[in-house]
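The values are calculated or read from the model by the stated rules, or taken from the named source; none is laboratory data. In this text the structure is predicted, and so the values were computed from the model without any measurement. Don't worry about glycine lacking a Cβ; one is built from the backbone with ideal geometry, like all the others, and counts go over all protein chains shown.
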Amino acid sequence: MTAFNNVYKNKKVLITGDTGFKGSWLTIWLKELGADVYGYALPPLRDEDNFVKCNLNEKIHHINGDIRDKEHLFKFFDEVKPDIAFHLAAQPLVLESYKNPHYTFETNLMGTVNFFEAVRGTQSVKVAVNITSDKCYQNNEWIWGYRENDAMGGKDPYSASKGASELITQSYLNSFFVKEGTANIASARAGNVIGGGDWADYRIVPDFFKAIEKNDVLKLRYPEATRPWQHVLEPLSGYLNLAMKLFLEGKSI
């Protein structure tokens with residue numbers, strides 16, 4: 001309980017996208033830290049999803065909602081009056097973004113705008129963190145990792161939408177959250193994440209277990225590609241540490 005200086009204990013924490021893979025694990029961790037968790041997200045897609053398997057609907061204050069519905073989101077923020085907010089609601093798949101670019105951009109761009117507008121209109125919020133992706137960087141096919149000051153980019157709609165979400169975050173930071181007394185905001189980026197309860201399409205580890213279940217051959221979509229992997233708890237620890245720093249140190253970090 002003292003791992004994060006008890007920052008989350010008895011705090012109201014609102015998570016958009018709590019029914020998703022990372023969102024559900026963040027919900028579990030925050031509950032372990034003693035937070036009062038409120039979730040806003042689309043319903044789970046499958047009975048096998050982590051949110052369902054862990055029966056989180058019975059353990060937190062969750063409502064079904066679309067991040068594109070700003071009035072509904074604003075009402076939820078106003079009712080909850082959270083201390084801390086994490087934004088994870090998104091269209092998270094590269095291949096899906098080719099199939100439905102309009103939905104991807106509308107969700108990942110205007111969803112970010114709606115989130116920060118809700119934060120801006122809710123005085124109780126002390127900290128807000130927007131979770132994006134390492135796909136936000138211009139892909140130069142480097143052999144080393146990207147740095148925070150590298151150029152934004154995106155050849156596919158998903159990557160472009162995440163780069164745009166980063167620019168939106170910076171715009172809100174510089175336009176509305178500079179003054180003392182306003183919420184302390186930031187973004188956080190992670191790469192390819194693995195862990196229990198992830199059954200999303202177009203992901204190698206879920207594909208592996210689906211193939212076993214069907215007694216089928218695993219098909220590699222891009223066998224020549226090299227991908228870094230991290231367990232879901234690794235980026236989540238970063239998100240929690242970042243929000244803790246913002247809560248304790250404010251705009252000085």
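Miscellaneous remarks
- Elements of type strands (runs of 3 or more DSSP E) contained in segment 143-253, each with 3 or more residues being of a type outside the set (Gly, Ala, Ser): 192-194, 229-231
- Residue within segment 156-175 that is buried (at least 17 other Cβ atoms within 10 Å of the Cβ), in contact with a His (Cβ under 8 Å, 6 or more places away or on another chain) and touching a residue at least 60 places away in the same chain (Cβ under 8 Å) present: no
- Per this entry, Ile185 is counted among residues that are under 18 Å from the mean Cα position of the chain (by Cα), β-branched (Val, Ile, Thr) and farther than 30 Å from Ile143 by Cβ.
Rundown of residues vs (1) more than 18 Å from Met244 (Cα to Cα); (2) not aliphatic (A, V, I, L, M), yes/no style:
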site: Phe4; (1), (2): no, yes
site: Lys9; (1), (2): no, yes
site: Leu14; (1), (2): no, no
site: Phe21; (1), (2): yes, yes
site: Trp25; (1), (2): no, yes
site: Trp29; (1), (2): no, yes
site: Gly34; (1), (2): no, yes
site: Arg46; (1), (2): yes, yes
site: Asn50; (1), (2): yes, yes
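- When Ser165, Ser187 are checked against the criterion of being closer than 30 Å to Lys53 by Cα, among the hydroxyl-bearing types (Ser, Thr, Tyr) and at pLDDT 95 or above, a single residue qualifies: Ser187.
- Take the conditions (1) hydrophobic (A, V, I, L, M, F, W, C); (2) under 26 Å from Thr122 (Cβ atoms); (3) out of contact with any Leu (no Cβ under 9 Å at 6 or more places or on another chain); Ala164 misses just one of them, which is (3).
- Close pairs from segment 76-103: first at negative phi and of a type in the set (Val, Ile, Thr), partner modelled with pLDDT under 95 and surrounded by fewer than 20 Cβ atoms within 10 Å (Cβ to Cβ), Cβ under 7 Å, at least 6 apart: Val94/Asp156
- Any hit, segment 211-231, residues being under 16 Å from the mean Cα position of the chain (by Cα) and either small (Gly, Ala, Ser) or over 28 Å from Phe116 (Cβ atoms) (or both): yes
- Annotation: of all residues in segment 109-138 being of a type in the set (D, E, K, R) and part of a helix (DSSP H, G or I), the one that is surrounded by the most Cβ atoms within 10 Å (Cβ to Cβ) is Lys135.
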